[in-house]
Amino acid sequence: MRFSYFLLFFLSVLFSTFILTSAETIDHNWWQTALIYQIYPRSFKDSNGDGIGDLNGITEKLPYLKKTGVDAIWMSPIFLSPMRDIGYDITDYREIAPEYGNMDDFQILVKTAKELDIRVILDFVPNHTSNESDWFLRSVRREPGYEDYYVWADGIPDPNMPDVQKPPSNWVSNFRGSAWQYSEERGQYYLHQFTIGQPDLNYREPRVHEEIKQVLRFWLDQGVSGFRVDAINMLYEARPEDFGGRYPDEPRTGIPGTTPDDYNYLKHIYTRNLKETYDVVYSWRELLNEYTKMHGEHKLMMTEAYADVSDLIKYYGNGNRDGAVPFNFAFLGDIHNTSNAYDIKLVIDKWMTYMPSGKTANWVNGNHDQSRLATRHGSDRVDAMNMLALMLPGIAITYQGEELGMTDGYVSWQDTRDPQACDTDPVHYALSSRDPERTPYHWDSSDHAGFSDTTGRTWLPLADNYVTLNLAKQLSGRSHYTFYKDLASIRKKNATRYGDLETKAISESILVVNRLLPGSPGIVGIVNLSDRDQVVNLSSLRLLPEKMAVVATGVDCSLDKGMPLSKAYLPISAHCAVVFETLTNCC
Ligand code: GLC
């Protein structure tokens, strides 16, 4: 008896030592620690000189992304569209927009990516189509089967003017003005939570669910590894049946300065985050799971919603139903250029606290809807924020150009393309325009920044700092890009992939991120947010081995890579973001 206990103890020690020293045996799926690079196809690389980025341009640059250390690309929509919302208004979910290429180009892209071990993730826009889509045209005509594909409603008679019909409710579009548009042909209003050209699909109609699932299947059959799901929390609206037969008005927020045309004028209690949404996500997860089994590769789903964390975490799943990875936009909304180390630590800890156990975290530093990192936080925080996103556990998402510290470009009213800005006026457009973060990528300092060799104009103007701020200039030496590339490779180390996380705000300006895994060297990132040099003493982190070496340095660091240091004395210069690896194994 005693012998068998001993044997059991011996075997379990042997087994755990084996697991902890050989990380290859830890069965983590590719996506759980993936570095995902968001490509905005129109602005990434133009291969045919028309001033618009395209699929062949992306394929051409895949080897570069591989060298950078990217695991997957997510492409903003590449489908047939009149481009009123730059591709988020889809005419046909199964066709490629001609300015981006064709299906052959897409297949070459996927094949090339596979050869390089880069996964391809598509943007999936289930909330709305274009008003030029066949489904919508049929619905307008009330063709049998299509009558209820969209959210249609009668207008409300105006008591003062009997001949005039008012929209069915006071709902406001995300892009300003009434969310209802009258269709003369059908004699009813349709709902559009974004532009007039983006009618909302009706998820109370079972046929829509089936139709949309076929779209997922179509692209999974083409070999994609997953989807980024657009505007997920807009899928459902309150039902008129529950409100005496009409869509209920939303209450006012009372935010000073807002007018009835502003989205923030109303509390969106009937048009956002409805509980019905989550079941749809879980049902898509089930569909994706079928393909995970068939293809032997996890199919990823990430959902886009700007919502409270308590609503967001419901996307992860519910009891025995698995869901998606909800984008964590806290770095975009909750951290500002004046946030100190305490604030940033709390933001990180909040997600880790709310996230259900066993799920995968994610960190987003930018996207095509948000002002760029360098513009939002200042160039001297670019390295710090990239370091955090890439060193924290889970998925890191980088929007193209954030690895260079690209800034927002200037786009005049005449050149403005974003409908959110076009729906305002020449005086106020810049406040809501998303064009500045969508200007073409800076490959080098040649004409059009190496983005295009067009003899005409690029679809959006380039940011004028491309001559000094571009990839070619950053490929060597100390740069945002070389730091980013080092981070991407450090990310592949055992401690950064599987290690425990400890965040520590040593002071207002010093933030430490510690990743420790027994049997592996520890990885420690330190950020100095202040404009004075400081010496950091990490002796209080007792599990952290004593000696370490510098493995990555941001542009503002005076330390050099390879320098050995003691944890008790770490000189960190102003605005420096730096990563160390311990010289002995933890712990
Ligand atoms: C998402 C997209 C945004 C688009 C909107 C409507 O928020 O990221 O670019 O305008 O959905 O599809």
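Within the range 174-195, the set of residues being part of a loop (DSSP other than H, G, I, E, B) and open to solvent by 40 Å² or more (accessible area, probe 1.4 Å) comprises 176, 184, 185. For beta carbons closer than 8 Å, sequence separation of 6+ or different chains, a first residue in the range 176-188 that is more than 20 Å from residue 147 (Cα to Cα) and a second that is among the hydrophobic types (A, V, I, L, M, F, W, C) and open to solvent by less than 90 Å² (accessible area, probe 1.4 Å), the qualifying pairs are 178/171; 178/172.
Identification of helices (runs of 4 or more DSSP H) wholly contained in the range 363-449 with 1 or more residues that are more than 16 Å from the ligand (Cβ to nearest atom), surrounded by fewer than 24 Cβ atoms within 10 Å (Cβ to Cβ) and under 19 Å from the mean Cα position of the chain (by Cα) yields 373-377, 382-391.
Let's see how each residue does on (1) more than 28 Å from the chain's Cα centre (by Cα); (2) surrounded by fewer than 21 Cβ atoms within 10 Å (Cβ to Cβ); (3) closer than 25 Å to residue 261 by Cβ:
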{"site": "158", "(1), (2), (3)": "yes, yes, yes"}
{"site": "162", "(1), (2), (3)": "yes, yes, no"}
{"site": "197", "(1), (2), (3)": "no, no, yes"}
{"site": "205", "(1), (2), (3)": "yes, yes, no"}
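Every residue, every condition in (1) aromatic (Phe, Trp, Tyr); (2) within 27 Å of residue 278 (Cβ to Cβ), yes or no:
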{"residue": "150", "(1), (2)": "yes, yes"}
{"residue": "154", "(1), (2)": "no, no"}
{"residue": "162", "(1), (2)": "no, no"}
{"residue": "179", "(1), (2)": "no, yes"}
{"residue": "186", "(1), (2)": "no, no"}
{"residue": "191", "(1), (2)": "no, yes"}
{"residue": "211", "(1), (2)": "no, yes"}
{"residue": "226", "(1), (2)": "no, yes"}
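Only a single criterion out of (1) of a type in the set (Ser, Thr, Tyr); (2) open to solvent by 50 Å² or more (accessible area, probe 1.4 Å); (3) under 24 Å from the mean Cα position of the chain (by Cα) is not satisfied by residue 283, namely (2).
Residues checked against (1) of a type outside the set (Asp, Glu); (2) within 15 Å of residue 376 (Cβ to Cβ); (3) without any contact (Cβ under 8 Å) to a residue 24 or more places away in the chain:
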site	(1), (2), (3)
391	yes, no, no
405	yes, yes, no
410	yes, no, no
426	yes, no, yes
443	yes, no, no
450	yes, no, yes
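Taken together, the criteria exclude residue 224 from residues that are open to solvent by less than 20 Å² (accessible area, probe 1.4 Å) and either in a helix (DSSP H, G or I) or in contact with a Lys or Arg (Cβ under 7 Å, 6 or more places away or on another chain) (or both). For the subset of the range 331-346 comprising residues that are assigned to a helix (DSSP H, G or I) and within 17 Å of the chain's Cα centre (by Cα), which member is farthest from residue 513 (Cα to Cα)? Once the filter is applied, the top-ranked residue is 333. Exactly one residue out of 87, 53, 101 is over 28 Å from residue 136 (Cα atoms) and either at pLDDT below 95 or of a type in the set (Gly, Ala, Ser) (or both): that is 53. Please identify the pairs in which a residue from the range 192-215 that is under 17 Å from residue 284 (Cα atoms) has its Cβ atom under 8 Å from the Cβ atom of a residue that is within 16 Å of the ligand (Cβ to nearest atom) and β-branched (Val, Ile, Thr), counting only partners at least 6 apart or on another chain. Sorted first by the residue in the range 192-215, then by its partner, the pairs are 201/129; 201/151; 201/212; 202/151.
The values are calculated or read from the model by the stated rules, or taken from the named source; none is laboratory data. Quick caveat, the model's predicted, so the values are computed rather than measured. FYI the Cβ positions are ideal-geometry reconstructions off the backbone, even for glycines, and counts take in every protein chain you see. Areas reflect the complete protein model, heavy atoms only, side chains present, ligands, DNA and RNA absent. Shrake-Rupley method; radii C 1.70, N 1.55, O 1.52, S 1.80 Å.
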